[in-house]
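Engineer: I have a structure here, written as structure tokens, and I will follow up with some questions on it.
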Amino acid sequence: SQKIEQNSEALNIQEGKTATLTCNYTNYSPAYLQWYRQDPGRGPVFLLLIRENEKEKRKERLKVTFDTTLKQSLFHITASQPADSATYLCALGNNDMRFGAGTRLTVKP
Amino acid sequence: GAVVSQHPSWVICKSGTSVKIECRSLDFQATTMFWYRQFPKQSLMLMATSNEGSKATYEQGVEKDKFLINHASLTLSTLTVTSAHPEDSSFYICSAAPDPTGELFFGEGSRLTVL
């Protein structure tokens, strides 16, 4: 069966450090992969999309990599800030979008 | 970015009653909308794909007679939870995309509490 696993349920880091979140998948060949941010009680908000033929995407302090051989995506937030504290979801898409369980990131001042 | 509006944002109902949740795309047309359910501290679980003008496609394990989906226009999909029970209490979120292979825009979610 298809599985999407995000490496840890929670990640705590110090302000200014780089946060690295992992998304692994099995039994799936997504055409694209997306990362979303979700704050408590709110709907997810789109951050980045990377397609299967792309290796890396950047947007401001965010960077995403996509390795279709390893079936893995890494999501980096550089120079992290307390305002980056949220749950981050990876989502895989073909005709629909399926989500990982999310990693709850806490950035401490 | 595109806007998806969901209503109501929260609802409390008695067991056995039915509840309707609306999802609207405000500034684009959506032939497809997605309905998700999220329990506390868990991820979004895809319940069904709503298709304008045709039947919804339900995920395995989701009862189509309990969760009625109607996608009557290119900007509106509704989810009706019929004969709601306490175990149906959850956070229901809809989403849609102007570009079928692009980012999803989510509604703000509807928190259902069944007493």
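Engineer: Please give the length that would be gained between A:Arg42 and A:Ser1 if that part of the chain were fully extended, namely 0.36 nm times their separation in residues minus their C-alpha to C-alpha distance (nm, one decimal).
Structural biologist: Full extension from A:Arg42 to A:Ser1 adds 11.9 nm.
Engineer: What do the square roots of 5 times the Cα gyration tensor eigenvalues come to for chain B, in whole Å, largest first, as semi-axes of the equivalent ellipsoid? It would help to have the intermediate numbers written out before the result.
Structural biologist: Values: eigenvalues 99, 42, 34 Å².
One finds semi-axes of 22, 14, 13 Å for chain B.
Engineer: Check cross-link reach from A:Lys55 to the aspartates and glutamates: straight Cα distance under 14 Å, and skip same-chain residues fewer than eight apart.
Structural biologist: Qualifying aspartates and glutamates at Cα under 14 Å: A:Asp67.
Engineer: Past 21 Å, Cα to Cα, is the threshold; run A:Lys3/A:Lys71; A:Lys17/A:Lys59; A:Lys3/A:Lys59 against it and keep the listed order.
Structural biologist: Cα-Cα > 21 Å for A:Lys3/A:Lys59; rest within.
Engineer: Would you kindly enumerate the cysteines in chain B that have no other Cys beta-carbon under 4.7 Å from their beta-carbon?
Structural biologist: Singleton cysteines: B:Cys13.
Engineer: How big is the dipole moment of the protein assembly as shown about its Cα centre under a simple scheme where the beta carbon of each Lys and Arg is +1, that of each Asp and Glu is -1, and everything else is neutral? Debye, nearest 20, please.
Structural biologist: In debye, rounded to 20, the protein assembly as shown gives about 360.
Engineer: Arranged from highest to lowest average of other beta-carbon atoms within 10 Å per residue, in what order do the peptides A:70-77, B:50-57 appear?
Structural biologist: A:70-77, B:50-57
Engineer: Something else: By how many nm would the segment from B:Val3 to B:Thr113 lengthen if fully extended, with 0.36 nm per residue of separation less the alpha-carbon distance?
Structural biologist: Stretched fully, the B:Val3-B:Thr113 segment lengthens by 37.0 nm.
Engineer: Give the lysines whose C-alpha is closer than 23 Å to that of B:Lys64, dropping any in the same chain fewer than 8 places away, or say none.
Structural biologist: The reachable lysines, counting only those whose Cα sits under 23 Å from B:Lys64, are B:Lys14, B:Lys20, B:Lys55.
Engineer: Over all directions, average the projected area of the Cα convex hull of chain A and note it in nm².
Structural biologist: Averaged projected hull area, Cα only: 6.6 nm².
Engineer: Still on this structure, please answer the following. So how much slack lies between A:Gln81 and A:Glu56, counting 0.36 nm per residue of separation and subtracting their Cα-Cα distance, in nm?
Structural biologist: So the extension gain works out to 6.8 nm.
Engineer: Sticking with the crude label model, points 7 Å out along Cα→Cβ, report the distance from B:Ile12 to A:Asn12 in nm, one decimal please.
Structural biologist: Simple spin-label model gives 3.4 nm for this pair.
Engineer: Also, I was wondering about something else. How large is Rg over Rh for the protein assembly as shown, taking Rg from the Cα atoms and Rh as the Kirkwood inverse mean of 1/r across Cα pairs? Write out the running numbers ahead of the final one.
Structural biologist: On the way: Rg = 17.6 Å, Rh = 18.1 Å.
In the protein assembly as shown, Rg relative to Rh is 0.98.
Engineer: Starting from the Cα gyration tensor of region B:21-79, take the square roots of the eigenvalues, sort them a ≥ b ≥ c, and report rounded, prolate or oblate (rounded when a/c is under 1.5, otherwise prolate if a/b is larger than b/c, else oblate).
Structural biologist: Oblate.
Engineer: Shifting gears a bit: Short version: ³J(HN,Hα) in whole Hz for each residue of region B:6-18, in order, from phi by Karplus 6.51 cos²θ - 1.76 cosθ + 1.60 (θ = phi - 60°), x for Gly and Pro, what are they?
Structural biologist: For region B:6-18, the Karplus curve yields 10, 8, x, 7, 8, 8, 10, 9, 7, 4, x, 8, 10 Hz.
All of the numbers you see were taken from the coordinates with simple rules; none came from a lab. Values in this document were obtained by computation on a predicted structure and should not be read as measured data. Every residue, glycine as well, gets a Cβ built from its backbone with ideal geometry; the counts of neighbours run over all protein chains shown.
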